[in-house]
1. Given H placed on each backbone N at 1.01 Å, which residues far from Ala47 in sequence or on other chains put an amide H within less than 5 Å of it?
2. Grab the Cα-Cα distance for Asn167 and Asp134, subtract it from 0.36 nm times how many residues apart they are, and report the gain in nm with one decimal.
3. With each label point set 7 Å from Cα along the Cα-Cβ vector, what nm distance links Ser52 and Ser89?
4. Pop out the ³J(HN,Hα) list for the range 168-176 in order, Karplus 6.51 cos²θ - 1.76 cosθ + 1.60 with θ = phi - 60°, rounded to Hz; leave Gly and Pro as x.
5. Students often get this wrong, so check it: of Lys58/Lys83; Lys83/Lys164; Lys125/Lys162; Lys83/Lys125; Lys178/Lys201; Lys148/Lys178, which have C-alpha atoms separated by over 27 Å?
6. Residue-wise, which Karplus ³J(HN,Hα) couplings in Hz belong to the range 97-113, taking 6.51 cos²θ - 1.76 cosθ + 1.60, θ = phi - 60°, and x for glycine or proline?
7. Run the numbers on the range 37-132 and let me know its relative contact order in percent, using alpha-carbon pairs under 8 Å that are six or more apart.
8. Please check: in the Gaussian network model of the chain (C-alpha springs, under 10 Å), which one of Ser46, Ser124, Ser114 has the largest mean-square fluctuation.
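Computed from the coordinates by the stated procedures, all read-outs in this text should not be read as laboratory data. Remember, predicted model here, so these are calculated numbers, not experimental data. No Cβ is skipped: glycine too gets one built from the backbone with ideal geometry, and neighbour counts run over all protein chains shown.
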Amino acid sequence: MFPGKSDQGEYTCIAVNDLGQRGSLPTLLSVSGGLPEVSIGIPAHSATFGESFTIHCKVIAVPPHTHIYWEHITERFIRIIRKDTLGVSGVTLHDPTLTIDYVTTSDAGSYTCSAENALGKSSSKSTILNVDGDMPVVEVPLTSYTVKHGHDVALLCIVSSKPKHTNVYWIKDSDKGKLVYNHGTTGTIGMTVENPSLSLKPVIITDSGLYTCLASNVIGTGASRAISLIGKDFCI
């Protein structure tokens with residue numbers, strides 16, 4: 001049995017027999033402890049899509065806490081997170097901290113850490129988790145190139161991506177339809193994560209058309225404005 005705050009006060013032991021009763025000197029009982037004290041620090045966090053992220057929780061409890069869990073609240077649902085919840089680490093009596101192993105946009109929302117002991121349950125203040133990340137932003141500094149047949153040209157492309165993009169390719173649109181250029185396409189250089197620009201070596205007349213640079217990450221695919229490439233013969 002655990003004493004509670006209501007058990008505090010003076011206690012006297014009384015014994016009774018046929019001759020009467022006698023009591024002891026009073027003794028004072030003070031009860032220390034109470035509901036757990038739960039805190040999680042700062043009121044807002046920012047995490048990056050695709051990375052792991054930790055929200056710290058500190059629990060001080062007398063008597064000791066026996067249960068730990070988190071509540072994740074969004075406009076659509078309330079989710080209870082325990083140590084056996086898939087995709088998370090921590091959430092134990094020894095380490096109440098919550099680590100999300102792979103952050104996605106569905107992890108955004110409000111988080112509260114809760115602890116229970118024999119006297120009841122306490123919860124921390126809530127903290128907001130914002131998730132940074134979007135499809136790649138793909139930009140081209142020039143939208144028009146005119147190049148003579150037989151010369152080289154580099155169609156410049158700049159990609160900004162969080163999380164990091166993992167694929168780059170180009171699409172050519174001409175009268176003959178669409179053509180996809182990937183890294184390693186004959187007569188080209190570039191189209192890699194490190195160098196997304198497309199180099200044509202050399203340009204031939206049939207290379208004329210509209211070119212679009214595209215980059216993909218785990219969220220989706222971003223595309224640039226179209227680039228016009230005009231290939232001219234030497235005699236022009």
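1. Placed amide hydrogens put Asn130, Val131, Asp132 under 5 Å from Ala47.
2. Working: separation 33, 0.36 × 33 = 11.88 nm, distance 1.48 nm.
Fully extending the segment from Asn167 to Asp134 adds 10.4 nm.
3. 0.2
4. 10, 8, 10, 10, 9, 10, 9, 4, 8
5. Values: Lys58/Lys83 16 Å; Lys83/Lys164 30 Å; Lys125/Lys162 30 Å; Lys83/Lys125 20 Å; Lys178/Lys201 20 Å; Lys148/Lys178 22 Å.
Pairs exceeding the cut-off: Lys83/Lys164; Lys125/Lys162.
6. The phi angles translate into 4, 9, 10, 8, 5, 9, 6, 10, 5, 6, 7, 5, x, 9, 10, 9, 9 Hz.
7. 40
8. Highest fluctuation of the listed residues: Ser46.
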